[in-house]
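Remarks on the structure that follows.
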């Protein structure tokens, strides 16, 4: 229980959540279960097929929120996740690796499909309506914001980090941006062994 | 014949590695412009380089153009408290006398917006950079890995 709270505090710090929301989540008066991360969603994958939270159950999951206009954090994280899947070998098929777009206006399923063609084909790309993305981002405690560019168009600020779940959908940790490109292999192996 | 071929191949190999290249304009020295390869369909690419002001007056990187993308902007990115932010620098980037400003992954960079095609290793991206005092200079961004001299360091870890 205490460990779960600290894990949550760690995630709050990592994800840059506001102090108040974290304080409330980690408050000892409330059981940690009320401060769950994740929740029901219905999105579409890069093949245009419906994809829900239920499709994640049964396998450990690594989920990352980003956008294809992203210059650095997103391609680097997708390249890292590609590396993790390769390092897992055949076990790579026993985990879900998911990229959720927080820029659904530009990231249609076909844009995602084209873009993800540069990475491991097992990575699921998800997008949806703005309302659907808003819901899933809130459930996963992901911050994002549209920022206009002076020359026209826009970029997105967003939480950079991979969130892990066990095969029953319980939050199982987070992996921050940057550092050893292989840093996700150990945690995923650990989740596979559970 | 065989020797010529081997020499030609050796030349190609050398050209393929990220050799440092430099430009000068006014009292500015521009070191090794390079870009990362981009994923398929990527709309945005980055440009990295160093600018050293050897003069006595401050200068400023104001803007630029490239034929490889619709437009070129000067941006700064940061990851703070787990959140990635990117901001355009509409007033450009100041380079104080004696200072070297690094445009590298994880910080200041040139943003190529509206790429005509993805950047692939070995590509050469022509660009014109405009400085407030030194004027314009033509540079070529080599697409590949960060230079080995540490100017690609930034937040890179491999």
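Key figures for this structure:
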item: Segment A:121-190: radius of gyration and largest Cα-Cα distance (Dmax), Å; result: 15.0, 46
item: Geometric extent, Cα atoms of segment A:80-146 - Rg, Dmax (angstrom); result: 13.2, 38
item: Efficiency of FRET between residue B:133 and residue A:194 - r from beta-carbon atoms, R0 45 angstrom, step 0.05; result: 0.15
item: Relative exposure of A:100, B:143, judged by other C-beta atoms within 10 Å (fewest first); result: B:143, A:100
item: Neighbour-count ranking [beta-carbon atoms within 10 angstrom, fewest first] of A:115, B:108; result: B:108, A:115
item: Viscosity 0.692 mPa s, temperature 37 °C, Stokes-Einstein D of segment B:20-158 from Kirkwood C-alpha radius, µm²/s; result: 218
item: Footprinting exposure proxy for B:109, B:75 (fewest neighbouring C-beta atoms within 10 Å first); result: B:75, B:109
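Each reported figure results from applying straightforward, stated rules to the coordinates on display, with no laboratory input. Keep in mind that this is a model prediction, so the values were computed, not measured. Positions of Cβ are generated from backbone atoms using ideal geometry, with glycine treated the same way; all protein chains shown enter the neighbour counts.
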